[in-house]
Amino acid sequence: MNKKMTKRVAVIGAGCSGLTAVKSCLEEHFIPVCFEREDDIGGLWNYTEIPKIGKGSIYRNLVINTSKEMMAFSDFPIPEDFPPFMPHADVLRYFRMYADHFHLLPYIHFRTSVVYIEQTADYQETGKWIVKYQKDSQEPVQEVFDAVMVCSGHHSVPFIPKFPGFDKFEGNKLHSHSYREASQFKQNTVLIVGIGNSAVDIAVDVSRVAKQVFASTRRGAWVISRTGLWGIPADLLANNRFIFSLPRNILQWLVEKTANLRIDHKQYGLQPKHGALSAHPTINDELPFQMLNGKIRIKPNIVQFTEDGIMFEDGSFEKVDAVILATGYDYQVKFVDEKVLRIENNRVDLYQYVFPPDLKHPTFGMIGLVQSIGAVMPVAEIQARWFIQLLKGNVHLPDRNFMWADIQSKMIEMNGSYVRSRRHTIQAFWVEYMDTIASYIQCKPNFWRTLIREPDLAIRCHFGPCVPAQYRLCGPNTWPGARNIIHNSLSRATNSTPTKHGPVENNLKMENSRLMTLLVLLVVFVAWFTKSLI
């Protein structure tokens with residue numbers, strides 16, 4: 001880059017959030033200095049056989065539950081020959097391609113842990129920060145930076161709730177953070193505690209070798225399939241602006257009916273008391289079949305453990321050989337001064353989940369600390385782009401009172417809309433959140449303006465998949481390839497699956513046909529639902 005780089009930005013972590021933060025710095029000619037504790041990029045997706053507390057963790061057979069088109073960074077599409085839902089090795093391979101393409105690796109300091117972050121003595125005037133870090137076992141050193149982007153993730157410290165008698169249980173006990181593969185549970189009876197994404201994924205994985213798997217849940221869950229119409233990824237069909245403009249009760253009804261078409265939640269003991277939009281959905285395709293063949297059975301909440309089994313709320317008792325706790329994580333960022341950032345019971349006060357509202361300067365931000373119903377990669381990217389535009393002075397944060405009012409409003413809305421739990425403290429709807437942040441930096445597509453100039457593109461942006469490339473049509477650092485990705489998103493999603501590809505013309509016809517079918521189905525559904533209310 002030929003423009004003079006000025007401000008130095010500390011980026012903590014080289015996972016997906018850290019990589020896009022480094023790239024966002026380079027786009028605006030800032031100098032990123034990325035600190036990564038491990039010896040490789042990828043964060044959570046950097047699979048290791050031995051788990052580490054403080055490092056995100058995945059198991060050997062894990063497949064991501066968001067589709068490649070929806071998890072891609074906005075100006076670097078995932079190759080078409082990658083599968084629609086990628087095993088973790090392919091996710092990491094994509095991150096390596098991203099890092100190589102944008103020349104990010106020279107800015108990353110591996111095997112370097114951040115010890116402490118605090119304001120400089122002259123922060124009120126300069127907005128600068130002191131970052132103390134340690135390379136391997138060397139003595140810690142500290143440097144001053146113009147800004148700090150914390151990209152360390154929030155799935156690294158296991159949360160283990162207290163169960164009566166848990167210490168007495170003599171069988172194998174572990175948290176899902178430590179789970180790697182199923183062979184150790186061959187012909188065992190295994191209890192999985194929880195019914196979120198990790199719980200169900202591991203239950204299915206273990207059920208292939210175990211004698212019996214039980215999954216215990218306090219309140220049930222809505223289980224959603226990865227795939228939708230025509231075998232297209234469901235998140236590609238669902239994440240569009242028109243659907244998320246529907247009233248919440250209509251949208252929730254649609255999700256619940258769709259989920260029950262796949263498996264009757266009440267019949268199979270999954271039916272929760274809450275609505276489908278009141279908790280993070282559980283995404284899994286194999287659970288229904290494993291329940292149908294008896295390999296997985298659903299149990300209610302745990303009353304207590306004994307030496308060799310568990311008593312449940314329905315009065316039943318099951319002897320088990322092993323227990324896997326899929327009970328979530330404790331969000332911790334202990335290396336940041338508590339006067340700047342404080343997290344209690346997974347609750348944190350951040351404007352739009354990025355900025356502490358009491359800071360005078362927008363030079364410190366959390367990137368990726370949000371639980372969106374959708375892929376985090378594009379969310380972290382849009383947050384990083386916003387942060388850099390603020391640092392550059394092109395946009396500005398509202399005043400402190402406005403930010404606090406927004407935080408409190410979100411907290412009230414979350415408490416009213418979601419089941420109260422440690423899991424639902426940083427929730428956001430993907431399309432709504434992405435559009436909100438995009439509007440701050442003028443990269444949200446304008447429907448009416450686009451409709452006049454490019455009506456086909458406007459229809460795809462509003463009624464088709466809200467792919468991340470839409471946020472490179474306008475605003476800072478546009479990308480000329482965005483239109484092609486938007487026009488071909490439905491066909492790109494499954495182009496890797498056939499053994500023989502048809503001509504491009506057929507793909508375009510298929511794309512248009514499917515989009516029109518979706519529009520007709522949506523119009524019919526809304527008309528029918530509206531009539532049923534009258």
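The values are calculated or read from the model by the stated rules, or taken from the named source; none is laboratory data. Bear in mind the structure is a predicted one, so any value in this text is a computation, not a measurement. When we count neighbours, we look across all protein chains shown, and the Cβ atoms used for this are built from the backbone with ideal geometry, even at glycine. Surface accessibility is based on the protein's heavy atoms, side chains included, excluding ligands, DNA and RNA. Shrake-Rupley method; radii C 1.70, N 1.55, O 1.52, S 1.80 Å.
What the table shows:
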| item | result |
| --- | --- |
| Breaking point among (1) modelled with pLDDT under 95; (2) closer than 18 Å to A375 by Cα; (3) touching a helix residue (DSSP H, G or I) at 6+ places or on another chain (Cβ under 8 Å), for P158 | (2) |
| Unique residue being more than 30 Å from Y123 (Cα to Cα) and without any contact (Cβ under 8 Å) to a residue 60 or more places away in the chain when the list is K211, K168, K135, K173 | K211 |
| Which numbered condition I367 misses (of (1) β-branched (V, I, T); (2) without any contact (Cβ under 8 Å) to a residue 60 or more places away in the chain; (3) closer than 30 Å to F145 by Cβ) | (2) |
| Residue that is most open to solvent (accessible area, probe 1.4 Å), among those in segment 192-201 that are out of contact with any Gly (no Cβ under 9 Å at 6 or more places or on another chain) and farther than 11 Å from G328 by Cβ | D201 |
| Test: I324 is within 23 Å of K55 (Cβ to Cβ), more than 19 Å from the chain's Cα centre (by Cα) and at pLDDT 95 or above | yes |
| Qualifying residue in segment 381-391 (condition: touching a Ser or Thr at 6+ places or on another chain (Cβ under 7 Å) and part of a loop (DSSP other than H, G, I, E, B)) | no |
| Unmet criterion (only one of (1) in a loop (DSSP other than H, G, I, E, B); (2) at pLDDT below 90; (3) open to solvent by 60 Å² or more (accessible area, probe 1.4 Å)) for K266 | (2) |
| Selection count, segment 1-59, where residues are in a loop (DSSP other than H, G, I, E, B), within 28 Å of D330 (Cβ to Cβ) and touching a residue at least 60 places away in the same chain (Cβ under 8 Å) | 17 |
| Segment 365-399, residues that are on the phi < 0 side of the Ramachandran plot, surrounded by fewer than 24 Cβ atoms within 10 Å (Cβ to Cβ) and more than 12 Å from the chain's Cα centre (by Cα) | Q389, L390, L391, K392, N394, V395, H396, L397, P398, D399 |
| Selection from segment 400-424 of residues that are in a loop (DSSP other than H, G, I, E, B) and open to solvent by 40 Å² or more (accessible area, probe 1.4 Å) | R420, R422, R423 |
| Qualifying positions in segment 425-458 - of a type in the set (V, I, T) and open to solvent by 60 Å² or more (accessible area, probe 1.4 Å) | I452 |
| Filter pass, Y133 being at pLDDT 95 or above, open to solvent by 60 Å² or more (accessible area, probe 1.4 Å), among the hydroxyl-bearing types (S, T, Y) and farther than 30 Å from F305 by Cβ | no |
| Cβ pairs under 6 Å, 6+ apart, first in segment 215-237 and of a type in the set (S, T, N, Q), second surrounded by fewer than 19 Cβ atoms within 10 Å (Cβ to Cβ) and part of a loop (DSSP other than H, G, I, E, B) | S225/D285 |
| Residues being under 28 Å from the mean Cα position of the chain (by Cα) and either assigned to a loop (DSSP other than H, G, I, E, B) or over 22 Å from G365 (Cα atoms) (or both) - total across segment 106-128 | 3 |
| Residue count for segment 45-72, restricted to those that are over 26 Å from T282 (Cβ atoms) and either at pLDDT 95 or above or crowded, with 22+ Cβ neighbours inside 10 Å (or both) | 0 |
| Breaking point among (1) charged (D, E, K, R); (2) closer than 24 Å to R208 by Cβ; (3) assigned to a helix (DSSP H, G or I), for D285 | (3) |
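Listed here are the residues, each with its yes/no results for (1) outside any loop (DSSP other than H, G, I, E, B); (2) modelled with pLDDT of 90 or more.
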{"position": "Q470", "(1), (2)": "yes, yes"}
{"position": "I486", "(1), (2)": "yes, yes"}
{"position": "S496", "(1), (2)": "no, no"}
{"position": "M510", "(1), (2)": "yes, no"}
{"position": "T517", "(1), (2)": "yes, no"}
{"position": "V520", "(1), (2)": "yes, no"}
{"position": "V526", "(1), (2)": "yes, no"}
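A quick yes/no check of all residues on (1) polar (S, T, N, Q); (2) more than 19 Å from the chain's Cα centre (by Cα); (3) within 30 Å of L490 (Cα to Cα):
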{"position": "C16", "(1), (2), (3)": "no, no, yes"}
{"position": "C25", "(1), (2), (3)": "no, yes, no"}
{"position": "T48", "(1), (2), (3)": "yes, yes, no"}
{"position": "I53", "(1), (2), (3)": "no, yes, no"}
{"position": "I64", "(1), (2), (3)": "no, no, yes"}
{"position": "M70", "(1), (2), (3)": "no, no, yes"}
{"position": "I78", "(1), (2), (3)": "no, no, yes"}
{"position": "D90", "(1), (2), (3)": "no, no, yes"}
{"position": "F95", "(1), (2), (3)": "no, no, yes"}
